[in-house]
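The values are calculated or read from the model by the stated rules, or taken from the named source; none is laboratory data. Computed from a predicted structure; not experimentally measured. Every residue, glycine as well, gets a Cβ built from its backbone with ideal geometry; the counts of neighbours run over all protein chains shown. For accessibility, only protein heavy atoms count, side chains too; no ligands or nucleic acids. Shrake-Rupley method; radii C 1.70, N 1.55, O 1.52, S 1.80 Å.
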Amino acid sequence: MFDFLFRRTAKKPIATQPVAQPAPAEIKSRQEHARQAALTQAGALEGREAAAVEFILQCGFADARLIAAAFIHSHALQEQVYSAMRNTDRRVARLMQGKIETGLQLAKREQRAQQCLEQARRLLVDAQLMPNQVAALDRDWSAIDASEGQTRQAFEVVRVALHERLACQAQLQRALIDALAELRKIAHALNDALPEASAGALDQLALTVEQHAAAAEAPALPKHLLPAFRQELDVARQKLAVQQQHQRLLSARAAVLSEWEVALETGEDPTSPSTLNATLLRAQWRALPISPAGQQDSAEAELEARFQAVLRTAQAGAAPATPAAALSTPVESAELQPAKASEAAPAPVSDSHLQELKQRFAGALDGMEKALEEGLLQVASEHDKILRSIDIKLCKPSTAQAPRLARARAELAHLMGWARWGGNVSREELLRTAEELPAQQLPPTELAKKIGSLRERWKSLDATAGASSRELWQRFDAACNSAYEPVAHHYRQLSEERQQNAVNAQALLEQLQALSTATQEAAEADWKSVTQQCQRIQQAWSRQGTIERKEKKRLDAKFSAALATLAEPLARQRAAAIERRERLIAEANDIRADDRTAPETLRALQASWQQQSLLLPLERRDEQALWMRFRSACDAVFARRKETVLAVDADRLQNLQQKEALCAELEAVTEQSPAALRKIMRDMHDGWTRIGHVPRAAEQQLARRFDAALANLQQRIDAIKRAAQSSELDVLQRKLLLCQTLEAAIAQTATNRNVDRDPVQEPKKDWAVAWAALAPLAAPLERALQTRFSAALTALTAADDSAYTAVLENNRLQLGQELLRLEILLGCDSPPALSRERLRMQVEVLQSSLRAGQPQMTQQEQLAALCSLPAATDAQSAERITALLQKMKSDS
């Protein structure tokens, strides 16, 4: 068959030499040289992206392409290389994809960094820079993690400027807080310090605060600081003015007392003791201006004590006067003069009413102080209104109540200022929240609730912190209205949906009315179609959306009327259908269980039932009840028929138990002998076939279990067989190695004899002991190796072993042929140098296999032939023999 191969070979000229093919080592060397050149060229492409792209597209070495790809940084070139290498070089494609994604991330990061830089610049020129804005900016910048570059440097410069502004704001705020504390300290010490010194300190402090108010960062200060300082400064100046007036009054009264004391001591006119009596002195003292209520102090008490001393001196030195003369003296006019100069006296009131006013005044004052202590500003304001409603002329505060009232009103004014400031801060926060609502993308209902909540909080601030400015209210109202636009749009959509739902409902109503009219006019209506259309229209009516209440009420009434028109004829048709199904149930009850045609009759009745159901579906309740009755009748027939099958089922269950016991016995086998295992498998299989059928539900599962148990035993047999074969091949390898070693010793002895050396005497008993220590092999292999070993051992002990040495050398070529033939049979690789010889031998083996009547050698026979051949074995042949034995182990 393959003669044409040899004929073609014969046609070639004998003298012509074949073209020399390069050796594999030379080819590999050339490839390595080209690879190194490509790597060197790729390493020199740094900074030349276009050349690197061209190199990658043309280079055939993956490592060089990867090195060149590392030098490509342009996004367009990266895309080009990725598109070209996506299905060619995965490493380069992954590198380009990673660089593209990294570039996109860097671009996105740079964009966010530019946005942060623009925001920082806007904040830098903003007049009212807030710390939370800078903190938010720092958080955004930290989240970006921008790399070193111009953007980062510019941002650092702007951020330093922002932090400097914040530091200036903090210093300015601290200065104002310190000034406010100093003002309160001066105000607290007004009673002890000199008015002139306090006035100078207040003026200096006011000048300093005005300078702070004119600073560049003043707009960013808390809005309550400057108003609070100015308010307390006005209070302090008023208190200082009262103190100065009080000081002037004390000085005037002290001067008058000094004149009287001098006149009483010297007795000179015009104020001699003879003309100064107690009544005149008392009238003149009362005529002097006095300090306001609450301003009496120790100096006033001292002046009063001096006046009492002068009065006692005048009473002791003056002559007594009659009451009538005293009343008619000019002293009377002096006593009446202050009364005429003062305001008209209030109308007289009763003692009970005056006492009630005093109790009311004291209770309101106590309640006001208690409310201030608890921080109840609104309650304190109510008590202050009560106090102001009491006429101060009728119910004048006592000496102890006046300073309490002044302190309480001052504290109330202070708290009211803080409340107004807090209200403004809260309003600004509400305004900011309202302005941020459109960006939050809230659902309309939640947005409406939030806007309503913001407006309610604004109203509550009007009640607790006073009214806001008109401008702030207009901004808040505009922000709320702007945020409410999506809600208004949502409500408009809902209104439009309600209108559309009303239109859809009207269309459904018209369909129902048209169906009712068509049913009444038709001679024979398709009641199944009518029922389905009615159900469809009813379901659509129930699923429709919301409609205005009045419109829905009107449409529901019309829909119910149209539905009632169809209800009467449909009810008659359903009654007829129920009667027909009752007859089917009666026929099912009349079927006999012993009738052989009972199943066919039942199936015919069920088909008729299904046909009736398709013609006109009943109400679900009626349909379910009738079907349950019909099904019960059919089940009763089948139940009676199944009673006869129970005996067969009992047998099947018994067979099931027997087969399960057989499976359990098979799974519990522990025998290790392959022959015993095969006998057990045959016996179990015969017993399995003798057992009858089992229930169909367990048949497949039980069969799989039995097959799995048999397969497990077969695997154990195969494993034992493979282990035995592997052990036998190991023994074969050791015995073959022992033979090769013995033959190598014979060759070495011959060599030593040729060079006039003493041969090494190998004791026969050592080689024999080593051979006996190995287990015996199969008969063919054992005979072949035993014969080879005995011949080699005989030659080793003989005086002249040159003939056996020649045999070993002569058989070297045949050994190579046997190895090559066995490698072909086993499918192992041969040395590259023997490729032509292997091809020739393969052709010979194929030709011999195709010749009729010629037996072919098996692997075992070929192995026995190899083992029985005494030959000088070199290292390469030994390696090939070892590879062949390993191949046989892996194939076993």
Pseudo-spin-label distance residue 504 to residue 639, built 7 Å along Cα→Cβ, given in nm, is 4.9
With all protein chains present, calculate the accessible area of residue 671 using a 1.4 Å probe and round the result to the nearest 10 Å². 80
From most to least accessible, 1.4 Å probe, no ligand or DNA/RNA atoms counted, 46, 436 line up as 46, 436
For region 549-665, the dipole about the Cα centre with charges only on Cβ (Lys and Arg +1, Asp and Glu -1), to the nearest 20 debye, works out at 1080
Area of residue 601 that stays accessible when all protein chains are in place (1.4 Å probe, Å², to 10): 50
Starting from the Cα gyration tensor of region 774-817, take the square roots of the eigenvalues, sort them a ≥ b ≥ c, and report rounded, prolate or oblate (rounded when a/c is under 1.5, otherwise prolate if a/b is larger than b/c, else oblate). oblate
By accessible area of protein heavy atoms, probe 1.4 Å, what ranking do 603, 404, 549 get, highest first? 549, 603, 404
Which percent of the accessible heavy-atom area of region 22-108 goes to carbon and sulfur, probe 1.4 angstrom? 54
Just the accessible area for residue 824, please: 1.4 Å probe, Å², rounded to the nearest 10? 30
Okay, which of region 466-505 sit inside 20 Å, backbone N to the point 7 Å along the Cα-Cβ direction of residue 551? 488-505
So how far, in whole Å, is the C-alpha centre of region 70-134 from the one of region 857-890? 66
Mind giving me the FRET efficiency for residue 124 and residue 429? R0 is 35 Å, r the Cβ-Cβ distance, nearest 0.05 is fine. 0.90
GluC sites (Glu not before Pro) restricted to region 96-168 and DSSP loop, no more than 14 other C-beta within 10 Å: 148
Pairs 358/396; 735/889; 185/396: which exceed 20 Å Cα-Cα? 185/396
Taking all protein chains together and a probe of 1.4 Å, list 460, 529, 198 from the most accessible to the least accessible. 460, 529, 198
